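Participant: Quick one: structure below, then a few questions.
The values are calculated or read from the model by the stated rules, or taken from the named source; none is laboratory data. Every value quoted in this text rests on a predicted model; they were computed, and no experiment measured them. Using ideal geometry, Cβ is built from the backbone for each residue, glycine included, and neighbour counts are taken over all protein chains shown. Just so you know, the surface numbers come from the protein's heavy atoms only, side chains and all, with ligands and any DNA or RNA stripped out. Shrake-Rupley method; radii C 1.70, N 1.55, O 1.52, S 1.80 Å.
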Amino acid sequence: CSTMSQQAGYSPSFKRPAEIMRMRRKRARSDAGVFSGQSDRSPAGSPGQSGSSPACVRPFSPGPLFNAQNRSGGGIKRRNPFANIENTYSPKKKFLIYNDDGNVEATDSSKIKSWTEGEEDMSTKTECEGALPFTARLTELDKRQHQDISSKKCLTFSEDDSLFEEEEDDAISPLLKSPQAIAPASIAPPVCTEYPVDWSLKTRLLFTSPLSLSWAEQPKAQEEALGLSQHCRAQFSTLPHSLQDPRSCSELRSAFQQSLVYWQHPSLPWISLFPRINAERSFSGKSTPWAQDTALQQSLMSEWSVSLSSLYSLLKARLCPYFYLCSYQFTVLFRAAGLGGSSSITALISPSTRGLREAMKAEGIEYSLPLVEERRKSREQQILTVHQSEEGELGCSELKEGEDCQACDEGENDGYNDDDDGSFSWLKEMGVQDKIKKPDSITIQLKNKLLDHKCSRKEGHAVSLDHKPESVVCVEGSHTFTLINFLINCKSVVAAAGSQAGLPPTLLAPIAFRGATMHTLKARSVNVKSQVGSTFQNISSLEITGPILPSSLHTVTTLLRPAQKGNFSAALYTHTPTAVMNTHTTRLQCTGESVDLSGCGLHPASIQQLQQPSTLGKTALTHLNMNNYSYTWKN
């Protein structure tokens, strides 16, 4: 047994309360200088005895301090005084070795081994019987190994953590996180500040936001006048990134009134002239004095022709970005050069019929069917992929059959040059025409019937496109001017019977043109309560109705961004026949030179959006959501 076991007042199971331990730690800090001085003068210390002065003698010494320079942290590591009791054996108890230089070494209580076990010059093993004073000399390698172990805090005396007490007198150096330790939530998501361009006409917008939208209605007379004046002069206000009180911001309210303006011809106050397709209900019961008056119909058509010509001239001069022609059967979108990713003026007609396409072809108007061509290219790619993976004659025969089927499907321009009178001319050249029996009239009639059946199948394929999104027609370049003349002289653009008989198509544009009337969209704000979970939350809504043009939609959303602090959502209601206007035309692409559209009367941000190629295909946007100034959408 050790000398400590014979000291008075010792009890193996004695545990000192926390208050006494705190007092001992406080006194140990005050005596730290004394202990360090005594440890420097004493050659070696017994594990159970302390080298303190007689004035500082205590029954249980806290033990020497671990050298601060050997520890990576800034605190003071001190041995618990109760860990110096040697006659309480535990298999997991470690033994302390105090060296001349103040370093400390730990080993198993039953067997003391040097830290450099395995080295040739330090291979001596020492058995410990009882608790005897022991002094070990460590080489420089041993000291470095011991310092590494103590810096990593791997020196363990017992599994009980109470044997160690950390004195947090000095500040501990902060830990640096590795890149892998950074939480994914701390990485900000990408911000989408713009949504895809949508060329479809909207009939209704419904905005909702947790912040009030009442600032958008009931403008003052001065604010409304300023908004109309700014629209006519193509002047735009610059708003801050965020507005604290939108209702008191006159610039915002004037800019909102400016965004609601559009121009229309003809204008009849008692009849809504948009939409025109399937609009018999809106015309029923209304006065239509032109229906039976031919002179009035001619007067309306004459004024309409002047307005249409004026719009095309503005479009060609890049003073008008786009306009819509809405008839009772189809809608036409004219876009200036530089918009929609095209380097020339483009026109999209939807829906179309076989009769309209044949009439355009008869007038020399070249057109394309973008969706049909896209589907055809996709089918060709699939056939090519299939036949590339096949080998032998089977693959070749299937390729030939596929090409034959494709030729049958394309069918509109295919013709048959079989001439009954000239089909036997090669026999005359050989001089055997009298020896060959010619087919009789019955055989010739049967052959003609087969040809008629095949042609009717092709015509049926062409007719099957009518009134479908795939029937959208694209006209580009100089052929758009021929299309304008065709529409002015075409009688089918005006209904011959019904509630819309004799009424010219509606022209809609974002800027003024000859014969146009200024109109504004209707805006209405309502506050409602929406159930969120088990509670009701106040939600403010803003409803906008009318023929909503693409530039109007973009301008309104641009104004809502600072007014609603980047948090709002919108439901978009599309005029269905115009959803296909988002079809991407692939014939003429914009070159590297940008087209100057600064004089077209739109906000520069709206022009920048409309210049991008459409990515929505034959669909249109149905929902917009802005959260923390970032857009998401559905189509």
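Participant: Can you work out the accessible area per residue across region 227-274, with the rest of the protein chains kept in place, probe 1.4 Å, in square angstrom?
Facilitator: On a per-residue basis, region 227-274 sits at 48 Å².
Participant: Would you tell me the accessible area of residue 198, worked out with a 1.4 angstrom probe on the heavy atoms of the protein chains, in Å² to the nearest 10?
Facilitator: 10 Å²
Participant: Hey, another quick one. If the label point is 7 Å along Cα→Cβ of residue 615, which residues in region 320-341 have backbone nitrogen under 16 Å from it?
Facilitator: 340-341
Participant: What ranking of 232, 249 comes out by heavy-atom accessible area, probe 1.4 Å, highest first?
Facilitator: Reading off the accessible areas and sorting them downward yields 232, 249.
Participant: Cα-Cα pairs above 22 Å in region 486-635: how many percent?
Facilitator: Tail of P(r) above 22 Å: 59 percent of Cα pairs.
Participant: Top to bottom by accessible area (1.4 Å), largest first, where do 191, 556 land?
Facilitator: Correct descending sequence by accessible area is 191, 556.
Participant: Next question. Return the tail of the calculated pair distribution for region 590-635, meaning the percent of Cα-Cα pairs more than 18 Å apart.
Facilitator: 50 percent
Participant: Going highest first, how would you order 306-313, 361-368, 611-618 by mean Cβ packing within 10 Å?
Facilitator: Descending packing order for the listed peptides: 306-313, 611-618, 361-368.
Participant: Rg(Cα) of region 183-269 divided by 2.2 N^0.38 Å?
Facilitator: In units of the globular-protein estimate, region 183-269 measures up at 1.44.
Participant: Would you kindly derive the ³J(HN,Hα) couplings of region 363-378 from the backbone phi angles with the Karplus curve 6.51 cos²θ - 1.76 cosθ + 1.60 (θ = phi - 60°), listing them in order in whole Hz, with x for Gly and Pro?
Facilitator: Per-residue couplings from phi come out as 7, x, 8, 7, 9, 9, 10, x, 6, 5, 5, 5, 5, 5, 5, 5 Hz.
Participant: How much accessible area per residue does region 479-557 have, in Å², with a 1.4 Å probe?
Facilitator: 43 Å²
Participant: Here's a follow-up. Can you send over the solvent-accessible area of residue 490, 1.4 Å probe, protein chains only, in Å² to the nearest 10?
Facilitator: Using a 1.4 Å probe on the heavy atoms, I get roughly 20 Å².
Participant: Based on the Cβ-Cβ distance of residue 241 and residue 535, what FRET efficiency does E = 1/(1 + (r/R0)^6) give at R0 = 35 Å, to the nearest 0.05?
Facilitator: E(calc), rounded to 0.05, equals 0.65.
Participant: Could you calculate the contour length gain from residue 214 to residue 229, that is, 0.36 nm times the residue separation minus the distance between their Cα atoms, to one decimal place in nm?
Facilitator: 3.1 nm
Participant: Which FRET efficiency, nearest 0.05, do residue 518 and residue 280 yield, Cβ-Cβ r, R0 22 Å?
Facilitator: 0.20
Participant: Could you rank 197, 386 by how accessible they are, 1.4 Å probe, largest area first?
Facilitator: Correct descending sequence by accessible area is 386, 197.
Participant: Follow-up. Rounded to the nearest 0.05, what FRET efficiency do residue 501 and residue 313 have when you use their Cβ-Cβ distance and R0 = 25 Å?
Facilitator: 0.25
Participant: Measure off 7 Å from each Cα along the Cα-to-Cβ vector at residue 292 and residue 192, then give the distance between these two points in nanometres to one decimal.
Facilitator: For the pair residue 292/residue 192, the computed spacing is 5.7 nm.
Participant: Okay, next question. Enter the accessible area per residue of region 280-345 (Å², integer; probe 1.4 Å; all protein chains in place).
Facilitator: On a per-residue basis, region 280-345 sits at 42 Å².
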